[in-house]
1. Taking the Cα atoms of the chain, what is the range of coordinates along each of the three principal axes, in descending order and whole Å?
2. With a 1.4 Å probe and all protein chains left in place, how much accessible area per residue does the chain have, in Å²?
3. Using a simple charge model, +1 on the beta-carbon of Lys and Arg, -1 on the beta-carbon of Asp and Glu, nothing else, what dipole does the stretch 244-310 show about its Cα centre, in debye to the nearest 20?
4. Separation between the Lys206 and Asp169 pseudo-spin-labels, each 7 Å from Cα along Cα→Cβ, expressed in nm?
5. Please check the chain for the longest run free of GluC sites (Glu not before Pro) that are loop-located per DSSP (anything but H, G, I, E, B) and have at most 15 other Cβ atoms within 10 Å.
6. Take the Cα radius of gyration of the stretch 61-134 and divide it by 2.2 N^0.38 Å, with N its residue count; two decimals is plenty.
7. Rg(Cα) of the stretch 135-202 divided by 2.2 N^0.38 Å?
8. Would you kindly compute the Cα radius of gyration of the stretch 210-257 and its largest Cα-Cα separation (Dmax), both in Å?
Amino acid sequence: MNINRKNWFFTVLLLAAWTCLVVKGSVSASRLASLRSRRMVGGSLAPHVPWQAMVYLSENVLDGGYAGGALISERWILTAGRNLFVRKSKVDTQGKDPVIPKVYLGITGLPEANASTEVAVEKVVLHPGFQNHSDWDNDLALIQLKEPVVMSDKVTPIPLPETGQDLADAVRGSGVITGWGWGALLTLSSSLKHLVLRLARQSVCKAEYDGSELTPTVDDNIICTRPTKFNENVCFGDAGGALAVTDAKTGDIYAAGILSYDKACTNRSYGIYMKISSYLPWIHSVLRGDTEKSSTLRSDAMSKMYSLQP
């Protein structure tokens with residue numbers, strides 16, 4: 001009798017433990033499936049993209065992760081300013097210097113990020129208005145390389161917009177974005193992916209994000225893209241990548257924007273980019289090496305030359 005009672009007791013314990021495991025497993029699986037469905041980006045493996053840069057702080061997202069950038073000349077890379085901080089919010093970045101990242105060129109995946117593809121960094125320059133009001137304001141930075149890169153079929157800059165180039169003339173009203181952002185497994189992708197995304201109307205994009213302190217302010221310095229018909233979209237880790245467009249009139253390819261707000265995933269409709277044409281004066285001033293005195297020196301020289309005219 002005592003033996004039967006013991007057997008019965010252990011059987012109940014085993015059944016209870018098994019039930020807990022099944023229920024816990026079901027909840028975990030369900031929760032994971034939900035998370036995956038919310039974060040799934042999609043996209044296709046990218047071909048070789050010669051202007052794509054990897055801006056690397058760490059393989060671990062919690063330590064800064066890695067993101068995108070665009071080679072725009074033989075010594076300069078344009079990226080999102082937030083990519084240069086481990087913790088990205090204004091509260092964490094104000095008063096702190098950006099991290100000097102590792103930069104890799106000519107690669108399509110993390111396994112290729114090694115000493116042979118690394119380019120040494122001289123300095124980083126944040127936009128002077130970076131995060132002056134919110135986490136997303138003027139989210140741009142320039143990275144200067146120590147040595148000019150050797151141009152090849154693997155490494156070639158993407159041009160900046162020129163006067164007269166208008167997004168309204170972009171082929172198919174779309175652009176291409178490439179990146180290593182989060183996918184179905186909630187981790188950064190080890191292989192470069194790309195998406196062809198339609199440009200979104202400013203008014204519609206503005207309506208979605210207005211009124212939220214946690215999202216960017218959509219103004220004339222912003223470009224928006226909308227998800228594909230399969231709900232593919234940019235996601236965490238894609239920031240810094242260039243929105244490349246083709247001018248329908250000339251066939252020229254240029255970088256229209258730099259992805260800033262990469263949290264759209266499938267929770268929000270629109271990816272948000274810094275509109276490069278709005279920032280050309282700042283970009284050119286940094287590339288020229290202007291100092292605080294440069295503008296005054298130029299003005300003084302011109303004034304003197306005009307004053308000497310009879």
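The values are calculated or read from the model by the stated rules, or taken from the named source; none is laboratory data. Every value quoted in this text rests on a predicted model; they were computed, and no experiment measured them. Note: ideal-geometry Cβ built from the backbone for every residue, glycine included; neighbour counts use all protein chains shown. Side chains are part of the model used for accessible areas, which takes the heavy atoms of the whole protein and leaves out ligands, DNA and RNA. Shrake-Rupley method; radii C 1.70, N 1.55, O 1.52, S 1.80 Å.
1. Cα extents, longest axis first: 124, 40, 40 Å.
2. Working: 16900 Å² over 310 residues.
Accessible area per residue, the chain: 55 Å².
3. Values: 8 positive and 6 negative charges, 21 e Å.
That gives a dipole near 100 debye.
4. It is 2.5 nm.
5. Numbers: sites that count: Glu59, Glu74, Glu162, Glu213, Glu292.
Between exposed loop sites, the widest span is 75-161.
6. Values: Rg = 13.2 Å, N = 74, 2.2 N^0.38 = 11.3 Å.
It is 1.17.
7. On the way: Rg = 16.0 Å, N = 68, 2.2 N^0.38 = 10.9 Å.
Dividing the Cα radius of gyration by 2.2 N^0.38 Å gives 1.46.
8. Over the stretch 210-257's Cα set, Rg and Dmax evaluate to 13.6, 40 Å.
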